[in-house]
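Read through the structure below, which is laid out as structure tokens, and then see the notes.
Quick note: the coordinates plus some simple rules give every number you see, no bench work behind them. Computed from a predicted model, the values in this text were never measured in an experiment. Quick reminder, even Gly has a Cβ in these numbers, built from the backbone with ideal geometry, and neighbours come from all protein chains shown.
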Amino acid sequence: MMKKNNNTLEKISIGTLKTYKNLSVFPIIGENIKQNITHFTKALNENNLKITEISDEGYVPEVEVENFHTTPIFIIDGQTIAGFELKQNRIATVSSIIPGITKMKLNVLCSEKGRWSRTSRQFASRNSSMFAKGRFAKMEKMQKNIDEDISSNYNEAADQEQTWEQINKKFNSFDTYSSSESMQDLYKNNELLMENYLKHLTMPEDAIGVIFAIGKNILGFELFSNKNIFQSLYPQILKSYALDEMENRKRDNLIPTIKDANNIIFNANNSIAKQCKNSGLGQLFTINNKDICATILMLDETIIHFSCFSKKMQEEL
């Protein structure tokens, strides 16, 4: 990585493996760095964040977010953005930090192709993110677009058609239907099953991140430098992998090794990171090589969120 000061990856250890069905997790244990940052759902629940269309007509790739509080707000990559003031559900294209007392535009992707109106339909919980392999496909395509100079701003490099394609594939794999083609309906339909993953794959109190595997393949990790933010977001991150594991496909019924878990951390820590233009606070870095693709959001020389996928995730697509 380019940034070595206060590098979270050099201060971590990997905890004991837990497995439920064919999904495995390794807790990442590390130093907890106090940060004056809150997260998306907490800010919404405390009425410190408002999300609306950018105009009466609306615009699919952007929404307007307003932070009423002095504390910055962290939004994780793939975060579900839903509400009665929006004409369709969206997901955040990349992890971002909204400054305090600020109104700004946030780049998003549509996750509900069949609706463009403010309606009274029941909205799924905001405590969800795009399923993991959809996030991987999105991230890999965005980095390719940046590398090929299709877009100079990472936030604007996403491919909407690809996102709809991934959501349609997921509906087909579950042999289910949504009247508005809403990704959030996949979570709603499988909520009870996913609760079992949460019960069996709990995290220790000192965890600041987690490594995921399906079968024997390590597929990625999510790392934060603040344990409270991680613990708050862990349920929705876990569900994003659980939804992939639950697909009706042949699995190898094997488990990963601690060596496999260490390898993805080693690869991430020894890869070259490229800084990209981004919106909001902090600096955004990307990694894209033969083994992994990743984004790293940093603020004041500290990693806020490190999201990394193994290229083995391509086997899941």
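Charging the Cβ of each Asp and Glu at -1 and of each Lys and Arg at +1, and nothing else, the dipole of the chain about its Cα centre rounds to 540 debye.
Which of His305, His69 comes first, and how do the rest follow, when ranked by fewest Cβ neighbours within 10 Å?
Listed from fewest to most nearby Cβ atoms, that is His69, His305.
So how do Trp164, Trp116 line up by other beta-carbon neighbours within 10 Å, fewest first?
Values: Trp164 17, Trp116 13.
Ascending Cβ contact count within 10 Å gives the list Trp116, Trp164.
Treating each Cα of segment 37-162 as an identical point scatterer and summing with the Debye formula, the log10 of I(q)/I(0) at q = 0.11 Å⁻¹ comes to -0.36. Scanning the chain for long hydrophobic helices, with DSSP H runs required to stretch 18 angstrom or more by C-alpha along their axis and to average at least -1.0 on the Kyte-Doolittle scale, returns 227-245.
Calculated on the alpha-carbon coordinates, the convex hull of segment 137-179 measures out at 69 cubic angstrom per residue. Within segment 1-91, the chymotrypsin sites (Phe, Trp or Tyr not before Pro) that combine a DSSP coil assignment with at most 16 other C-beta atoms in a 10 angstrom radius are Phe68, Phe84.
Computed from the Kirkwood radius of its Cα pairs, the Stokes-Einstein diffusion coefficient for segment 193-317 at 25 °C and 0.890 mPa s stands at 158 µm²/s. Pair-distance distribution P(r) for segment 107-227, from all Cα-Cα distances in 5 Å bins starting at 0: 2, 9, 15, 18, 20, 17, 12, 7, 1 percent.
Most simply put, the chain has about 95% antiparallel DSSP beta bridges, counting only bridges with both residues inside it. A crude spin-label estimate for the pair His69 and Ile258, with each label 7 Å from Cα along the Cβ direction, gives 3.9 nm.
Quick check on the chain: helices-only [θ] at 222 nm, where DSSP H runs of length 4 and up contribute -39,500 (n - 2.57) each and the sum goes over total residues. Nearest 500, please. Don't skip to the answer; put the middle values down first.
On the way: 7 runs with 85 residues, N = 317.
So the helix-based figure for the chain works out to -8500 deg cm²/dmol.
Volume per residue for segment 1-84 equals 206 cubic angstrom (convex hull of Cα atoms).
Residues with beta-carbon under 14 Å from that of Met142, excluding Met142: net charge, scoring Lys, Arg +1 and Asp, Glu -1?
On the way: positive: Arg135, Lys138, Lys141, Lys144, Lys274, Lys277; negative: Asp77, Glu140, Asp147, Glu148, Asp149, Glu156, Asp159, Glu161.
Summing Lys and Arg as +1 and Asp and Glu as -1 gives -2.
Which value, to two decimals, describes the C-alpha radius of gyration of segment 244-315 once divided by 2.2 N^0.38 Å?
Values: Rg = 15.0 Å, N = 72, 2.2 N^0.38 = 11.2 Å.
Expressed relative to 2.2 N^0.38 Å, the Cα Rg reads 1.34.
Quick check: Cα centre of segment 139-217 to Cα centre of segment 10-88, how many Å? About 14 Å separates the Cα centre of segment 139-217 from the one of segment 10-88.
Kindly put Asp244, Asp206 in sequence by how many other C-beta atoms sit within 10 Å of each C-beta, fewest to most. Intermediate values should be presented prior to the final figure.
Working: Asp244 23, Asp206 15.
Placing the least packed residue first, the sequence is Asp206, Asp244.
Full extension of the chain between Asn190 and Met104 gives 27.6 nm of extra length, using 0.36 nm per residue less the Cα-Cα distance.
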